[in-house]
Amino acid sequence: MTVRVRFAPSPTGKLHVGNIRTTLANVLFAKKNKGTFVLRMEDTDTEREVQNAEQAMFRDLDWLDLTPDESPEKGGKYAPYRMSERAERGDYKKVVEHLMEIGRAYECFVTKDELALMRKIQRAAGKPPAYDGRHRNLTEEQKQKFMAEGKKPVIRFKFNDDEQANFKDLVRGDVSFEVKNLGGDPVIVRDNGVPLFTLAGVVDDINQKITHAIRGEDHVTNTAVQVQIFEALKAEVPTFAHMPMLTDIDGTKLSKRLDGLSIKELREGGYLPKAINSYLASLGFSTGVHIGSVEEIAQQFELDKMGRAPVRFDIEQLKRANAIILHDMEYKDVKPFIDGFIPENNLSTEKLEIFWKSIRENIELLTDIKEHFDICFGVFNGELLNEDDVSYIEQAVETLPHEPYTNDTWQKWMSELKQVSGRKGKSLFMPLRVALTGQQHGPELANLLPVMGEEVARNRLESALKK
RNA sequence: GUCCCCUUCGUCUAGUGGCCUAGGACGCUACCUUUUCACGGUGGAAACAGGGGUUCAAACCCCCUAGGGGAUACCA
């Protein structure tokens, strides 16, 4: 049996760290088991749909190197991959009719208001709010009467009340629910004829031969409900895996802040896909962050070792992973990601390579590049020179070597300045650092000097004198 | 309210009755290296939510309390 997994978002928002974590789990699980990763759009709720959300999701997944094997965009053996399209061709209708024939589905005319009232009463009595099955056995006459009143029915799935819903869960072990406290017969088709995800998800999983459903913990009760449907359809129940939710750093709530932490924002914030994937994949495990490509982290990925407790998302840890990756990244590898982070310029690739190499260990995020770029090539507001360093800098201007600059230019210049000025150690180089970069800290000047070039260096020294 | 799940260093966690003086990773910190910062190296501080049991012995088993998460839709 080939492993087939799916990520099934609804096009109602953007991808964020929470749902990327489950997507990633699907991808890693598929890769590790030489399986197939399917992307399915669950777009049955047209009211909540957001313009262009779908396209944005495709692009985010590509950027993260989590491109699905089968998707609405790519197609595949089990197309279409949008619920709306599958609804159009009658997939769900067929199943609903079948369920009604075998007595596992029925029309229900209870209105939303009546349901709300019922729940209110139940709650007040300290009972769990649940549909009480009052229209389970309507006669034809009763149905006609409701119709005549202008009421439109929903279709509910009929539970086997005294059964248990059991399923295998890779992270939680064997899970079992009493069907009787699942909330009563669930609606599977709205009064406008559109099926709900509860039903459609099951039908698609069957038709698309999904073997493992890896999703968030917020779906556990849904799963129990859906297990009943799988069984009623005499279909094999997939293996599940419910991952604990991500919480805020303070451990409370899956907050707006987190939901707001979209892939788009991380991208614009200077984070690399590799860092995001590596960090998210490490959450829930004891191994520490393995930094690697999707392919590499997939080999280490063991879903059954994942913890069951909610996990706090710590942006500092992500930042750290990002920094580690940046520190020994080659220019050619970082190049595809630096658009927008490095100002427009017509510097040669060679020069940019040297620049990158001399600053990479000093940055954590791609957004940090700009500051260093400005120091090397642009304008900066630096610290002022000390009074007693003025004459020293004048000596520096005089002795500044002419181009071409090489790796040992700085060395040679320093020996000369040492003799001329009689200075050494910190007092030798610190005034130069301040004059040249405007700061007391930064990458090695020996590396920076060839990057700047003679003209910039001379201008900097001279303008430092003028201040 | 009701049902499900969870609670070990700051963070992710190892740990399934004696190997725990509680281990690792990241962070933090000190020192070393370094003509700055960063990188790197070597050390260090740092946790069993609380209370009751059971046992010769409990982070591990049982009960209670507190706290957190999820669910409770004609959303997904």
Using θ = phi - 60° and the Karplus form 6.51 cos²θ - 1.76 cosθ + 1.60, what ³J(HN,Hα) does each residue of the range A:398-409 get, whole Hz, x for Gly and Pro?
-> 5, 8, 3, x, 8, 5, x, 9, 10, 5, 9, 4
Applied in sequence order to the range A:281-298, the curve 6.51 cos²θ - 1.76 cosθ + 1.60 (Karplus, θ = phi - 60°) yields integer Hz couplings, x standing for Gly and Pro, of 5, 7, 5, x, 10, 9, 7, x, 7, 8, 8, x, 6, 4, 4, 5, 5, 4
Nearest-20 debye value, the range A:349-466 charge dipole, Cβ charges on Lys, Arg, Asp, Glu = 220
To the nearest 20 debye, what is the magnitude of the charge dipole of chain A about its Cα centre, counting +1 on the Cβ of each Lys and Arg and -1 on the Cβ of each Asp and Glu?
-> 1300
Quickly rank A:273-283, A:441-451 as a protection proxy: mean count of other C-beta atoms within 10 Å, highest first.
-> A:273-283, A:441-451
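Looking at this model, which pairs from A:Lys209/A:Lys332; A:Lys234/A:Lys264; A:Lys14/A:Lys93; A:Lys145/A:Lys209; A:Lys77/A:Lys335; A:Lys351/A:Lys418 are more than 32 angstrom apart at the alpha-carbon?
A:Lys209/A:Lys332; A:Lys234/A:Lys264; A:Lys145/A:Lys209; A:Lys77/A:Lys335
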How much accessible area does A:Lys351 have with a 1.4 Å probe, in Å² rounded to the nearest 10?
-> 50
Round to a whole angstrom and tell me the spacing of the C-alpha centers of the range A:344-397 and the range A:1-62.
-> 43
Hey, can you find the accessible area per residue of chain A for me, probe 1.4 Å, expressed in square angstrom?
-> 52
Other-chain or far-sequence residues with amide H under 5 Å of A:Ile188's (modelled H) | A:Ile155, A:Arg156, A:Phe157
Provide A:Lys168, A:Lys32 ordered by accessible surface of protein heavy atoms (probe 1.4 Å), highest first.
-> A:Lys168, A:Lys32
At a probe size of 1.4 Å, how large is the accessible area of A:Ser286, to the nearest 10 Å²?
-> 120
Calculate, for A:Glu364 and A:Asp408, the FRET efficiency according to 1/(1 + (r/R0)^6) with r their C-beta to C-beta distance and R0 25 Å; round to the nearest 0.05.
-> 0.25
For the charge dipole of chain A, defined by +1 on Lys and Arg C-beta atoms and -1 on Asp and Glu C-beta atoms about the Cα centroid, which residue among A:Val434, A:Ile291, A:Tyr92 has the Cα displaced farthest towards the positive pole?
-> A:Tyr92
Toy charge model, Lys and Arg Cβ at +1, Asp and Glu Cβ at -1: the range A:90-243 dipole around Cα centroid in debye, rounded to 20, equals 400
For chain A, calculated [θ]222 nm from helices alone, where every DSSP H run of n ≥ 4 adds -39500 (n - 2.57) = -13500 deg cm²/dmol
Charge dipole of chain A built from unit charges on the beta carbon (Lys, Arg +1; Asp, Glu -1), centred at mean Cα; most positive-end Cα among A:Val203, A:Gln317, A:Ala396 is A:Val203
Note, A:Ser358: beta-carbon cut-off 14 Å, +1 each Lys/Arg, -1 each Asp/Glu, net -4
Starting from the amide H of A:Ser71, placed 1.01 Å from N in the peptide plane, find each other amide H under 5 Å away whose residue is 5 or more places distant or on another chain.
-> A:Leu39
Could you check the simple spin-label distance between A:Thr2 and A:Glu101, using points 7 Å along Cα→Cβ, in nm with one decimal?
-> 3.1
Share of accessible surface on carbon and sulfur in chain A, whole %, 1.4 Å probe and ligands ignored, is 48
Sorted by accessible surface (1.4 Å probe, heavy atoms of the protein chains only), largest first, A:Met245, A:Met147 come out as A:Met147, A:Met245
Round to the nearest 10 and give me the degree value, 0 to 90, for the angle of helix A:197-207's Cα axis relative to the longest principal axis of chain A.
-> 90
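The values are calculated or read from the model by the stated rules, or taken from the named source; none is laboratory data. Source: prediction; values computed, not measured. Please note: Cβ atoms are built from the backbone with ideal geometry, for glycine as well, and neighbour counts cover all protein chains shown. The protein model used for the area step is the full one, side chains on, heavy atoms only, and it has no ligands, DNA or RNA in it. Shrake-Rupley method; radii C 1.70, N 1.55, O 1.52, S 1.80 Å.
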